[in-house]
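Participant: The following block contains the structure, expressed as structure tokens.
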Amino acid sequence: MRHDRLVLATLAATLAATLVGSTAAAADKVTFEQHVAPIFRQHCQACHSQDDASGGLALDNYNATLAGGAGGEVLASADVGGSRLWKLVNHEEQPAMPPGGEKIPADQLAVLKQWIEGGLLKDAGSKPKPSAKPAIASVATDNSGKPVGEPAMPTGVYRQPVVTSDFVGPIASLAVSRWAPLAAVPWQRQVSLYHTQTNELLGVLPYVDGTPQVVRFSRDGSLLLVAGGHHASLGNAALYDVKSGARLATIGDELDIVLAADISPDKTMVAIGGPKKKVRVFRVADGEKIYELGKHTDWITALAFSPDGKLIATADRATGLRTWDAIAGNERNDLRGHSGAVTSVAWRSDSAVLASASEDGSVKLWDGTGKAIKSFGAHGGGASSVAFAADGRLVTAGRDRKVKLWKADGGHIADLTDMNDIALAAVFADEDQRVIAADYTGEVRVITIEDKQPAGVLPPNPPLLETRLAKAAAAVTAQEQQIAAAKQQAEAAGQAVAQAETARIEFEKLLAAAKQSADEAAARLAENDAALKRAQKELESAKQEHEQSKQEFAEVEKQLAEFRTQQEQSPPAEGDAAAADAAAAKLALLEHAYSDANGAVAKLQSQRKAARVQRDKLRETQKSTKQAAELASTQLAAVEKQRAALPPLDQLRTAASAAAEAAQGAEAAGQQLVSAREAIESEVADFSRAIAALTESSQSLTANQTSIAQSLGAAEAERQAAAAAVQAKADAVAEAKARLDELKGRLRSLQNEQRDLSAQLKASEDQLAGVTQQMGDAQQQAQIAEAKLRDLTAAEAMRKAYAEAE
């Protein structure tokens, strides 16, 4: 089994384990043969010997004791809390040992504890076993698993893919950090990390072992598990540090691809399964197998640890679904009910409910006792995936291409989207406000739950840095052309505005002149109308006066004729001078009146004729004035029509402003593209220098380790010398005690000297502890550098191989 050493100072833990408590303990090592075997013989070997090894555990032999039983190893060097045997004999776990009785005596428990802390020594001449404590630095969390402080996000992880291709195949697994906007998307020989709110690529993790089939974040989000391999050839699970992207461990060495995997909530165990029909659970610290689950009869298709770490659920493609004790590997429940392959399992956040999806189209909910509490038809043709939100809602994906949202009780809420092909995986993201789904064509789609609208895609096959750089450079060139075109448009729009303003000024002049002419013609027409009306009135008045004069003339003419007739018929008597004079006077008066009336008639007739002439003249003038007014009105209408044909100045100004803003926006976008290109150029340069830098760093750290190791060796030699001196003095004390009566004084002197040497030993131990801490820090830095160097080197070699093959 291959196992990359994790970032742990195992040497430091081993050395520290040997420095047990007191000087006497340092002088007298606690060993299996001398101290522990008698305790096991007294209390345990009736049930746990090579002749009668209950549970496969034999405690009458050192090697058998360390090998453990059917459930795996029961002892962890220098780790009392990680030793299951200690928890059983200390009655911290069931079944308590010895069965049916009290604990073994406290002094014997103390010996057993001291033996574990001391490194599981076989005898006085043996060396402590390497510590099996979890090698991954723990992240402070609350009870929900949420890390204290900022959750892990990639910082400085390279975005250079291992391989790229035009084809993207089925994406059967997705993972989202519970505490950070971070998604993991697997594809051939790599896993891409994306920001779930911006859809930005944050990094690419090389998985050169083959095709990743499963991705899972640890409960606190600090680690990413990637499992997969090659069909019928290789399978394993790799653990990556989310912040640095360093591959911390490789777990398992299967002969076939891994199809299902998960990491325990406390990050101490990894479970994997696949075509070999078995689930194997490994210890993260050293990669050793803890136990194996072998009751499945077909390929393992899904598995998951419960959030509280107590159970593990496993499923196969022959309808099998089981739950097991996650610590010991004992079976808890056989969950029967599906009639097709179980494709996915998921635990609710409180570990009280397990959900399972199946090719039979259903999703089933199970309680902690293995009882089915709900079953509902989710997808026609088969359900591919099921996942819980923090509030208990579920999201599923299936062969009907649909991604669906469900209530905690299985009630349907909504169909979120239809994928392009069979929907294979769906998970919640962004505090359960979004869903990320993947299908058989390789599309990974982000959907907003509230409006059920797509919010982007996460490409599983990101381009090479060189391709991105070329694309960025082309985008800058294209943007520069757009900037030039936008500036040209803005300039043309400005010229159009200036021309329109000039044309409008000229138009305003024409319009003012036409309006003035129309106004003047209208005024003249109005004046002529008034004069014509006056002339017509005067003509009518003259006509009336003429008619009246004619009537008066006729009356006078009548009276004159009547008077003459009367005179002719009745002339005055002869000699009646008075009457004759009166008649003559009257006749003269009538003739004068006749003459006046006739003159008045003639005068009025002349005035009437003059008025008629004036009226006719005014009529002719009115006609020409009206024609002039109509012409002015026509001209005004023509100018108004020209006004309608003028370019819309406000629109031109708006267009010019928009063109100017577009030009500014294009320039700003161009600057952003230039910055993006420069950033990619910097990233390419950094990546090119990374392998050399990491190599140099690794060499430097190795040299530092060598120096510290030398110091550590010197300190250890000094400690051993001091211990030897203490032992020598202790021997002298024992001899002095035999001759106590005669050597009391010498004994006190030797005891004082022993205390001095013990003080020197304590000082040496303190110095050793400091050197050990330095050694641990150096090892941690060196291992991270080595892990990143190894992945970068392997990925670069694979890229070159693919390039040469093309």
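Read-outs throughout are calculated quantities, based only on the coordinates presented, and are distinct from any laboratory measurement. In this text the structure is predicted, and so the values were computed from the model without any measurement. Please note: Cβ atoms are built from the backbone with ideal geometry, for glycine as well, and neighbour counts cover all protein chains shown.
Participant: Quick one: length gained pulling H195 to A124 fully straight, 0.36 nm per residue minus the C-alpha distance?
Facilitator: That works out to 20.0 nm of additional length.
Participant: Moving on to the next point. Classify the range 195-262 as rounded, prolate or oblate, taking a ≥ b ≥ c as the square roots of the eigenvalues of its Cα gyration tensor: rounded when a/c is under 1.5, otherwise prolate if a/b is larger than b/c and oblate if not.
Facilitator: Verdict is prolate for the range 195-262.
Participant: Continuing with this model, one more query. What does the net charge come to around L416 if you take all other residues with beta carbon closer than 11 Å to its beta carbon, with K and R at +1 and D and E at -1?
Facilitator: +1
Participant: Continuing with the same structure: I'd like to compare 448-454, 258-264, 272-278: which one has the highest average count of other Cβ atoms within 10 Å, and what's the full order after that?
Facilitator: In descending order of packing, they fall as 258-264, 272-278, 448-454.
Participant: Find how much the distance from R755 to A67 grows on full extension, using 0.36 nm per residue of separation minus their present alpha carbon separation; answer in nm with one decimal.
Facilitator: Taking 0.36 nm per residue and subtracting the Cα distance, the gain is 243.6 nm.
Participant: Structure shown: which of K87/K267; K515/K641; K87/K278 lie over 21 Å apart, alpha-carbon to alpha-carbon?
Facilitator: Exceeds cut-off: K87/K278.
Participant: Let me ask another. Rounded to the nearest 0.05, what FRET efficiency do A530 and T634 have when you use their Cβ-Cβ distance and R0 = 25 Å?
Facilitator: Computed FRET efficiency for A530 and T634 comes out at 0.55.
Participant: Now, a different point. Please arrange V157, V208 by counting, for each residue, the other beta carbons lying within 10 Å of its beta carbon, fewest first.
Facilitator: Taking fewest neighbouring Cβ atoms as first place, the list is V208, V157.
Participant: Report the net charge of residues surrounding T477, where surrounding means a beta-carbon distance below 13 angstrom and charges are Lys +1, Arg +1, Asp -1, Glu -1.
Facilitator: After counting each charged neighbour, the total is +1.
Participant: Rank-order 657-666, 97-106, 409-418, 295-304 by packing density, defined as the average count of other C-beta atoms within 10 Å over each peptide's residues, highest first.
Facilitator: Ranked by mean Cβ neighbours within 10 Å, highest first: 295-304, 657-666, 409-418, 97-106.
Participant: Here is a further query. In nm, to one decimal, how far is the V457 label point from the Q651 one, both placed 7 Å along Cα→Cβ?
Facilitator: Between V457 and Q651, the simple spin-label model gives 3.9 nm.
Participant: If a/c stays under 1.5 just call it rounded; otherwise compare a/b with b/c (prolate if a/b is bigger, oblate if not). Do that for the range 51-107, with a ≥ b ≥ c from the square roots of the Cα gyration tensor eigenvalues.
Facilitator: Oblate shape, in that a/c is at least 1.5 and b/c is the bigger or equal ratio.
Participant: Another question, if that's okay. Under a plain spin-label model, where a point goes 7 Å from the Cα along Cα-to-Cβ, how far apart in nm are A577 and A513?
Facilitator: Output for this residue pair reads 9.1 nm.
Participant: Residue separation times 0.36 nm, minus the C-alpha to C-alpha distance between A390 and I373: what's the value?
Facilitator: Once the chain is fully extended between A390 and I373, it gains 4.2 nm.
Participant: Please rank V444, V386, fewest neighbouring Cβ atoms within 10 Å first, as an exposure proxy.
Facilitator: So the ranking, lowest neighbour count to highest, is V444, V386.
Participant: Still on this structure, I have one more. Evaluate the distance, in nm, between pseudo-label points positioned 7 Å from the Cα of R41 and of E681 along their respective Cα→Cβ axes.
Facilitator: Modelled inter-label distance: 7.9 nm.
Participant: If I take R0 = 41 Å and measure r between the Cβ atoms of A492 and K800 in this structure, what FRET efficiency does the formula 1/(1 + (r/R0)^6) give, to the nearest 0.05?
Facilitator: The formula returns an efficiency of 0.20 here.
Participant: If you don't mind, another one. Provide the per-residue ³J(HN,Hα) series for the range 487-494, in order, calculated from phi with Karplus coefficients 6.51, -1.76, 1.60 and θ = phi - 60°, each as a whole number of Hz, with x at glycine and proline positions.
Facilitator: 5, 4, 5, 5, 5, 5, 5, x
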